[in-house]
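Step one of this worksheet: look at the structure below.
The values are calculated or read from the model by the stated rules, or taken from the named source; none is laboratory data. Everything quoted here is computed from the prediction, not taken from an experiment. Here Cβ is always computed from backbone atoms with ideal geometry, including for glycine, and neighbour counts include all displayed protein chains. Side chains included, ligands, DNA and RNA excluded: accessible areas come from the protein's heavy atoms. Shrake-Rupley method; radii C 1.70, N 1.55, O 1.52, S 1.80 Å.
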Amino acid sequence: MDEALRGGTGTYQKLENGVLAPSPELFLRVARILHFSDHHLRIAHLDLFRTDPVLPTAPVSPHWQRWAGSHTEMAYVCSPAGDVIAANDAFTQMFPSGGPPANMTEWALLSAEARDEVLLDWERDWAPHLLADLRLALARHPDHPDLQKLRDDVRNHPRTRHIEDAPGGFGDEPRRLRHAGRGVVTVRLLASHTRDVTAVTLLSEAPAR
């Protein structure tokens, strides 16, 4: 066991006896050797370090489209990098171009359609929180090449490089957007994160004036 851990003689015994506190990297090596399930690995990591472990992305369930379609409010599901996995008609019809982009994070931060047409008061009400969520996604998935590229693109883009992150990501504060089919509406964004997807609902309020 010590040889597999590459930690020197007596490492595993020290871990078992509580003499040695493992680093996250050492803990993950132990978990792999002992064939922890993802579920039990996450529980143990949270117990030891109070954070979720960084795990490979699992295959996405084919039932997310059914989830999105069951909503009357605008709803969509995306990957940790922002790739759109599923969306309902109310959401799809929001876009002047006729449908959702391949990647919502890239669209919302870098496209003229998002900045100038759809996400009203973009620089104040949308961009700082989008940047905060991007930073969190990178912390959760530091080696994800799409997130790394998006981070670099945002740093180099003239419309985003000067904007500071908000203290946190999106809450349920009201924000305005221009829906291609409904006009200007006020929405509250509700998001639920799992390891593999983010499910988002945009609750519409009375039309904004």
Next item on the list: Would you mention how many residues in region 91-106 are crowded, with 21+ Cβ neighbours inside 10 Å and among the hydrophobic types (A, V, I, L, M, F, W, C)?
Entry: 3
Note to self: touching a residue at least 60 places away in the same chain (Cβ under 8 Å) and not in a strand (DSSP E or B): is that true of ASP152 in this structure?
What the structure shows: no
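Output yes when any residue across region 117-130 is part of a strand (DSSP E or B) and touching a helix residue (DSSP H, G or I) at 6+ places or on another chain (Cβ under 7 Å), and no when none is. Explain how you work it out, then say what you get.
Our first condition is that a residue be part of a strand (DSSP E or B); within region 117-130, this holds for 119.
Going one step further and asking which of them are touching a helix residue (DSSP H, G or I) at 6+ places or on another chain (Cβ under 7 Å), we end up with 119.
Looking for residues that are part of a strand (DSSP E or B) and touching a helix residue (DSSP H, G or I) at 6+ places or on another chain (Cβ under 7 Å), one finds at least one in region 117-130, hence yes.
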Checklist line | Filter result for LEU177 (open to solvent by less than 30 Å² (accessible area, probe 1.4 Å) and more than 20 Å from the chain's Cα centre (by Cα)) | finding: yes
Note to self: Given the options ARG140, ARG176, name the one that is farther than 17 Å from PHE91 by Cβ and in contact (Cβ under 8 Å) with a residue 24 or more places away in the chain.
What the structure shows: ARG140
Notebook entry, point to check: Quick one: what pairs do we get from region 38-52, first residue more than 13 Å from PRO24 (Cβ to Cβ), second at pLDDT 85 or above and in a helix (DSSP H, G or I), C-beta under 9 Å, 6+ apart or different chains?
Noted result: none
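Taking ASP125, is it under 19 Å from the mean Cα position of the chain (by Cα), surrounded by 15 or more Cβ atoms within 10 Å (Cβ to Cβ) and closer than 16 Å to ARG178 by Cβ? Lay out the reasoning, then the answer.
Details: under 19 Å from the mean Cα position of the chain (by Cα): yes; surrounded by 15 or more Cβ atoms within 10 Å (Cβ to Cβ): yes; closer than 16 Å to ARG178 by Cβ: yes.
For ASP125, the condition - under 19 Å from the mean Cα position of the chain (by Cα), surrounded by 15 or more Cβ atoms within 10 Å (Cβ to Cβ) and closer than 16 Å to ARG178 by Cβ - is met.
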Check: So, in region 128-143, of the ones that are open to solvent by less than 50 Å² (accessible area, probe 1.4 Å) and out of contact with any Phe, Trp or Tyr (no Cβ under 9 Å at 6 or more places or on another chain), which residue ends up farthest from MET104 (Cα to Cα)?
Finding: HIS141
Next item on the list: Search region 181-197 for residues being buried (at least 16 other Cβ atoms within 10 Å of the Cβ) and at pLDDT 95 or above, and hand back the single one that is farthest from ASP125 (Cα to Cα).
Entry: VAL185
Next item on the list: Inspect all residues belonging to region 82-103 and state whether any of them is over 28 Å from PRO128 (Cα atoms) and among the hydrophobic types (A, V, I, L, M, F, W, C).
Entry: no
Next item on the list: May I ask you to list the residues in region 89-137 that are in contact (Cβ under 8 Å) with a residue 60 or more places away in the chain and hydrophobic (A, V, I, L, M, F, W, C)?
Entry: PHE91, MET94, PHE95, VAL118, LEU120
